[in-house]
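Visitor: So that we are looking at the same thing, I have put the structure below in structure tokens.
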Amino acid sequence: MDDDLQEFALTGDIAQDVRQRIGLLRHFDSTGQLPFFQQIDAVDTPFVEVHGRKCVLLGSNSYIGLSTHPDVVAASVEATNEFGAGTTGSRLLNGTYSLHVALELQIAAWLGHEQALVFTTGYQTNVGTIQALLSDDCLAVVDSLAHASIRDGVRLSQAVEARFEHNDAEGLAAVLRSHAGTRYRRVLVLVDSLYSMEGSTAPLEQIIDICKNAGALLMVDEAHGIGVFGSTGGGLTQRNGVAKDVDILMGSLSKAIGGLGGFVAASRDFIDEIRLSARSFVFSTSATPGAMAAASAAVEIIRSDEGSDRRSRLERNSRLMREALAPLDVALLQSDEHSPDWSPIIPIRLFDELRTALSWNQLRDAGVFVTPAIYPAVSIGKPILRVCMTSELSEDDVLSSAELLAKELSWALVDA
Ligand SMILES: Cc1ncc(COP(=O)(O)O)c(C=O)c1O
């Protein structure tokens, strides 16, 4: 590896791994082919400008276009003018503004939980909530594809960790049975609702039954479900009519809600516990006034008829893209029985990481900006292009992008 990597004073296997990754990163970067850390210079939803080229964005998590919605942007600007750019304080001290409290009340009422608590990011929400609720005398049972922030929270909590195969409800029941003889202070099952890379959804009804039978608590990460599913955009738990059966509901303010932050909604007892002991909540500056006001405005839209219309357009585009790609022998994931009948996340399996990087470049040059995912975001040796739909794409955008995807990816696909 390069001599200039000597500056990294690392030792052992970690050093080797980090050096290899940095070496690869610098190689791709020096040839202008690195598909990560791409600089976006302008946003004109659903298009972005990258390297002076206008590209249609197929990688946004702003599923219903709220990150650039005029009312959301205006709310953010107004709050920034009124309260300043930041709070400069933890929620515990001088960082709780009326905007945080109002958003928490709004979220709790919307999702039907007693209380809600807003964090500065969704990542901090998972890490802090799990660390606050669990300790080394507890058991965490985690879906094998649950988000990294869930896994990091479990690690930080020092709880005993057990995993079950992705979406395997029987596997979950078996894990819980195998621990039935051990007395834990708390047993917490942790799943995502809509899996961000796979586009699959958790079999919530089965998981809820299993948790109830085993006396386990259930925490569902709705980062990608909120705003996308449900009659008022309350997520997959709302769509499936099981919101009341989930003990702890986590959401992000940074995907469909379009801004930045995260929240947890639960009973008053759980929220008090989290509020007092989540380290990522207590020891970090609270979310900016602009972020809080933007999220409040976005939630209002999500719950309104306009939100429903946007969700309908998202569904139309998602179905259209999947239909357009289906005859082209593209290896779409999401074939398991728990996949929803539609999902905005349409992952395409590619052959290897090199071909993923190269085909990503071809697509960008052709005017399509899509998200590549390699290990550790997905399993090792199973890279994907994560095609993601939004309500703001026209039918024409969807169909012409599908054509380009089929044309530019044909040499890099694995068999369907
Ligand atoms: C399933 C899931 N949970 C949590 C997070 C973290 O949320 P945020 O991006 O708001 O920090 C993400 C973000 O990628 C996610 O995909």
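A short reminder: the numbers here are calculations on the coordinates, not readings from a lab. Nothing here was measured: the structure is a model prediction, and the numbers come from that model. Counting neighbours? That spans all protein chains shown, and the Cβs are built from the backbone with ideal geometry, glycine included.
Visitor: Taking every DSSP beta bridge that has both residues in the chain, what percent is antiparallel when rounded to the nearest 5? It would help to have the intermediate numbers written out before the result.
Guide: Values: 29 of 48 bridges.
Here the share of antiparallel DSSP bridges comes out near 60 percent.
Visitor: Okay, next question. Pick out which of LEU249, LEU58, LEU34 has the largest mean-square fluctuation in a Gaussian network model of the chain, springs linking Cα atoms closer than 10 Å.
Guide: Of the options given, LEU34 has the highest mean-square fluctuation.
Visitor: Can you tell me which of 347-358, 375-386 comes out highest on packing, and rank the rest after it, using the mean Cβ neighbours within 10 Å? Walk me through the intermediate numbers first.
Guide: Numbers: 347-358: 19.4, 375-386: 16.9.
Packing proxy ranking, top to bottom: 347-358, 375-386.
Visitor: Which shape class applies to the stretch 201-298: rounded if a/c is under 1.5, otherwise prolate when a/b exceeds b/c and oblate if not, where a ≥ b ≥ c are the square roots of the Cα gyration tensor eigenvalues? Walk me through the intermediate numbers first.
Guide: Working: a/c = 2.67, a/b = 1.30, b/c = 2.06.
In terms of gyration-tensor shape, oblate.
Visitor: How do 394-405, 75-86, 219-230 rank on mean C-beta neighbours within 10 Å, highest first? Write down the numbers at each step before the final one.
Guide: Values: 394-405: 17.9, 75-86: 15.8, 219-230: 28.9.
The peptides rank, most packed first, as 219-230, 394-405, 75-86.
Visitor: For the chain, what class follows from the C-alpha gyration tensor (a ≥ b ≥ c being the square roots of its eigenvalues): rounded when a/c is under 1.5, otherwise prolate if a/b is larger than b/c, else oblate?
Guide: Numbers: a/c = 1.34, a/b = 1.21, b/c = 1.11.
It is rounded, given that a/c, with a ≥ b ≥ c, falls under 1.5.
Visitor: How many angstrom separate the Cα center of the stretch 342-409 from the Cα center of the stretch 219-250?
Guide: 27 Å
Visitor: Under the 0.36 nm per residue contour assumption, what length would be gained going from the current alpha-carbon distance of SER98 and GLN206 to full extension?
Guide: Working: separation 108, 0.36 × 108 = 38.88 nm, distance 3.94 nm.
Working it through step by step, the gained length comes to 34.9 nm.
Visitor: Let me ask another. Excluding residues fewer than 8 places away in the same chain, name every one of the lysines whose C-alpha is closer than 28 Å to that of LYS382.
Guide: LYS255, LYS407
Visitor: For the stretch 46-51, take each phi angle, set θ = phi - 60°, evaluate the Karplus expression 6.51 cos²θ - 1.76 cosθ + 1.60, and give the result in whole Hz per residue in order, putting x for glycine and proline.
Guide: x, 10, 9, 9, 10, 6
Visitor: Sticking with the crude label model, points 7 Å out along Cα→Cβ, report the distance from THR182 to LEU276 in nm, one decimal please.
Guide: Going from the THR182 label point to the LEU276 one covers 2.7 nm.
Visitor: Could you tell me the distance between the Cα centroids of the stretch 34-88 and the stretch 190-212, to the nearest Å?
Guide: With the stretch 34-88 and the stretch 190-212 each reduced to a Cα centre, they are spaced 30 Å.
Visitor: What residues qualify as long-range amide H neighbours of VAL387, i.e. H under 5 Å apart, gap of 5 or more or another chain, H built at 1.01 Å from N?
Guide: ILE346, ILE348
Visitor: For a quick check, take a GNM of the chain with Cα springs below 10 Å and name the residue from LEU276, LEU320, LEU176 with the largest mean-square fluctuation.
Guide: LEU276
Visitor: Moving to a separate point now. Under a GNM of the chain (C-alpha, springs under 10 Å), which listed residue has the highest mean-square fluctuation: ARG185, ARG311, ARG91?
Guide: Highest fluctuation among the options: ARG185.
Visitor: Here is a follow-up. From the square roots a ≥ b ≥ c of the eigenvalues of the alpha-carbon gyration tensor of the stretch 133-210, which class results: rounded (a/c under 1.5), prolate (a/b over b/c), or oblate? Working shown, then result.
Guide: On the way: a/c = 2.29, a/b = 1.28, b/c = 1.79.
Note, shape of the stretch 133-210 comes out oblate.
Visitor: So if R0 is 22 Å, what FRET efficiency would ASP29 and SER379 give, r being the distance between their Cβ atoms, rounded to the nearest 0.05? Spell out each step's value before the answer.
Guide: Numbers: r = 25 Å, r/R0 = 1.14.
Plugging the Cβ-Cβ distance into 1/(1 + (r/R0)^6) gives 0.30.
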